[in-house]
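*Asks:* First the structure, which I've put down as structure tokens, then a few questions once you've had a look.
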Amino acid sequence: MSDFATLPDGPVRLDNLRLAAGNGLEPVSLTIADGLLTDAPADIVLDMAGRIAMATFVDMHTHLDKGHIWPRSPNPDGTFMGALATVRADHARWSAEDVEARMRFSLRCAWAHGTRAIRTHLDSMGGQYLRSWPVFDRLRAEWAGRIDLQAVSLVSCESFGSAEFDAIADTVAAHNGVLGFVTYPLPDLRDRLLGFWEAAGTRGLAADFHCDETMDPGSETLRLIAQTKLEAGFAAPVTVGHCCSLSTQDDARALETLDLVAEARISVVSLPMCNLYLQDRHAGRTPRGRGVTLVHEMAARGIPVSFASDNTRDPFYAYGDMDMLEVMREATRIAHLDHSGDWVPAFSSRPAASCGFAPLTLAPGAPADLVMFNARSWTELFARPQSDRIVIRDGRQIDRTLPAYAELDGLMEGL
């Protein structure tokens, strides 16, 4: 298959590509000139020999601030509570310099793998917002034109009503961010959610929730989020992530909740790799549940469903490399995305729309941003990690060299 370090001057046509569209592969030719896709004629033609092409990725639920702390703070037992306690203890190490170095490392990985936009949650409680949000601002400016960045405050629903919650919400607004909330069953959660909608609405902020990240069928905060959003008349975009407990609830109850989510026009992001790692983990017992939420049932109701990386090499997930193709491959296996539906947009254009990033298209006039793989069919694509993929940004093949983990060694010393 053809390869190139720099595209030739003048329009060049990439012939004999297969565009990933739904569950099919559509034969296409793409012409690039001056960093854009064009329908102008091209004198130079490169035969891509059936290589699969798709738009660059959007990773809409990540935790860049937690990334790569595993070497100094591994999860002691692989459980959710083990992860939570371990990260809280590691917060003592989260200086601005520490957070910035680890976030930049993850961004370099995402860039090399073909990601063009990322939404990251930022741990903000306990005064951490004073350090992490300025770091995010610096990195957003540094990566402008390469990876578009958004940030979401990560705060517990129990923090609502505190002076710190208000200070965090003001910080989010000052940094053009998204107001986040982690919900779990509390006796007064309805009142807290109504207050949250007011806090977000008065500041003109979109909302993003971690909800029902458990296999306990009694955890139904997603239902309450949808009900109170409708009651409050909240009009800004809303995303919910995880929603694992739906998979253990009675079908009629779960589907009734999804009807409410559809009515409330809420987007959902599924995090299959992290949830598979954490959920239904018990010492000495083989897991029975996958932890993945009801993505097929959501799609059938018109609910926008996306997939994302979530955590990377931290106590919530020991693995990962900010590679959305890995997310696509594993989501296909875990959630049975093959054989049905149009799931390719769930890794690119759909999360872009849910987050408000610039639209993704490979139509004439759009930026020449795409990823091409040394595979001609879905089974070839998902059988290998595609480490030799070609990433084109602004019409140029980028250097895909990944950063070495040894670069982070200095942050792991003194343990």
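*Asks:* Tell me, in nm to one decimal, what length is gained between Ala49 and Ser387 on full extension, where the rule is 0.36 nm per residue of separation less the Cα-Cα distance? Write out the running numbers ahead of the final one.
*Replies:* Details: separation 338, 0.36 × 338 = 121.68 nm, distance 1.80 nm.
Separation in residues times 0.36 nm, less the Cα-Cα distance, equals 119.9 nm.
*Asks:* For the chain, what is the charge dipole size about the Cα centre, in debye to the nearest 20, if Lys and Arg each add +1 at the Cβ and Asp and Glu each add -1 at the Cβ? Display every interim value, and only then the final one.
*Replies:* Numbers: 38 positive and 55 negative charges, 77 e Å.
Using only the charged Cβ atoms, the result is roughly 360 debye.
*Asks:* Okay, next question. If I take R0 = 41 Å and measure r between the Cβ atoms of Asp137 and Leu255 in this structure, what FRET efficiency does the formula 1/(1 + (r/R0)^6) give, to the nearest 0.05? The partial results should precede the final answer.
*Replies:* Details: r = 42 Å, r/R0 = 1.02.
After rounding to 0.05, the efficiency reads 0.45.
*Asks:* Could you derive backbone 3J(HN,Hα) for region 24-34 from the dihedral phi with the Karplus parameters 6.51, -1.76 and 1.60 (θ = phi - 60°), listing whole Hz in sequence and x where the residue is Gly or Pro?
*Replies:* With the stated coefficients, region 24-34 comes to x, 10, 9, x, 9, 10, 10, 10, 10, 8, 6 Hz.
*Asks:* Per residue, how much accessible area does region 1-135 have with a 1.4 Å probe, in Å²? It would help to have the intermediate numbers written out before the result.
*Replies:* Values: 5000 Å² over 135 residues.
Counting only protein heavy atoms, the per-residue value for region 1-135 is 37 Å².
*Asks:* Hey, another quick one. Give, as a single signed number, the net charge of other residues whose beta carbon lies under 11 Å from the beta carbon of Ala226, with Lys and Arg counted +1 and Asp and Glu -1. Before the final figure, lay out each step's value.
*Replies:* On the way: positive: Arg223, Lys229, Arg265; negative: Glu220, Glu231, Glu256, Asp259, Glu263.
Once positives and negatives cancel, what remains is -2.
*Asks:* How big is the antiparallel share of DSSP beta bridges in the chain, given as a percent to the nearest 5?
*Replies:* Details: 23 of 59 bridges.
Approximately 40 percent, going by the DSSP bridge assignments.
*Asks:* Still on this structure: So how tilted is helix 189-203 from the main axis of the chain? Cα-based, degrees 0 to 90, rounded to 10.
*Replies:* Computed tilt is about 50 degrees.
*Asks:* Per residue, how many Å² of accessible area does region 279-415 show with a 1.4 Å probe? All intermediate terms of the calculation are to be shown ahead of the outcome.
*Replies:* Values: 6170 Å² over 137 residues.
I get 45 Å² per residue for this part.
*Asks:* Considering Cα pairs under 8 angstrom that are at least six residues apart, work out the relative contact order of region 239-363 and quote it in whole percent.
*Replies:* 24 percent
*Asks:* Additional query: Any idea how far the Cα center of region 348-363 sits from the one of region 280-338, in Å?
*Replies:* A separation of 21 Å, based on Cα centres.
*Asks:* Ranked highest first by average number of other Cβ atoms within 10 Å, how do 275-282, 65-72, 405-412 line up? Write down the numbers at each step before the final one.
*Replies:* On the way: 275-282: 20.9, 65-72: 22.8, 405-412: 13.1.
So the peptides 275-282, 65-72, 405-412, ranked by packing, come out 65-72, 275-282, 405-412.
*Asks:* Additional query: Name all residues of region 206-228 having a backbone nitrogen under 13 Å from the label point set 7 Å from the Cα of Glu263 along its Cα→Cβ direction, giving them as ranges.
*Replies:* Flagged as within label range: 223-228.
*Asks:* Can you give me the C-alpha center-to-center distance between region 171-238 and region 15-62, rounded to a whole angstrom?
*Replies:* Using only Cα atoms, the two centres lie 39 Å from each other.
*Asks:* Please report, as a whole percent, how much of the solvent-accessible surface of region 202-332 comes from carbon and sulfur atoms (probe radius 1.4 Å).
*Replies:* On the way: 2220 of 4640 Å².
Looking at region 202-332 in its full context, I get 48 percent from C and S.
*Asks:* What's the local net charge at His121, with K and R +1, D and E -1, over the other residues with C-beta under 11 Å away? Write out the running numbers ahead of the final one.
*Replies:* On the way: positive: Lys66, Arg119; negative: Asp65, Asp123, Asp208, Asp310.
Every neighbour counted, the sum reads -2.
*Asks:* Okay, moving on. Give me the percent of accessible area attributable to carbon and sulfur for region 117-182, probe 1.4 angstrom. Could the numbers behind the result be given before it?
*Replies:* Working: 1170 of 2210 Å².
Carbon and sulfur atoms account for 53 percent of the accessible area of region 117-182.
*Asks:* Peptides 117-127, 253-263: what's the order by average Cβ count within 10 Å, highest mean first? Working shown, then result.
*Replies:* Details: 117-127: 22.7, 253-263: 17.1.
Ranked by mean Cβ neighbours within 10 Å, highest first: 117-127, 253-263.
*Asks:* Quickly rank 310-318, 141-149 as a protection proxy: mean count of other C-beta atoms within 10 Å, highest first. Kindly include the intermediate steps, with their values, before the conclusion.
*Replies:* Values: 310-318: 24.6, 141-149: 15.1.
In descending order of packing, they fall as 310-318, 141-149.
*Asks:* Treat every Asp and Glu Cβ in region 221-264 as -1 and every Lys and Arg Cβ as +1, leave all other atoms uncharged, and give the resulting dipole magnitude about the Cα centre to the nearest 20 debye. Present the calculation step by step, with values, prior to reporting the outcome.
*Replies:* On the way: 3 positive and 6 negative charges, 37 e Å.
Dipole size: approximately 180 debye.
The values are calculated or read from the model by the stated rules, or taken from the named source; none is laboratory data. Nothing here was measured: the structure is a model prediction, and the numbers come from that model. FYI the Cβ positions are ideal-geometry reconstructions off the backbone, even for glycines, and counts take in every protein chain you see. Please note that ligands, DNA and RNA were not included when accessible areas were found on the heavy atoms of the full protein model with its side chains. Shrake-Rupley method; radii C 1.70, N 1.55, O 1.52, S 1.80 Å.
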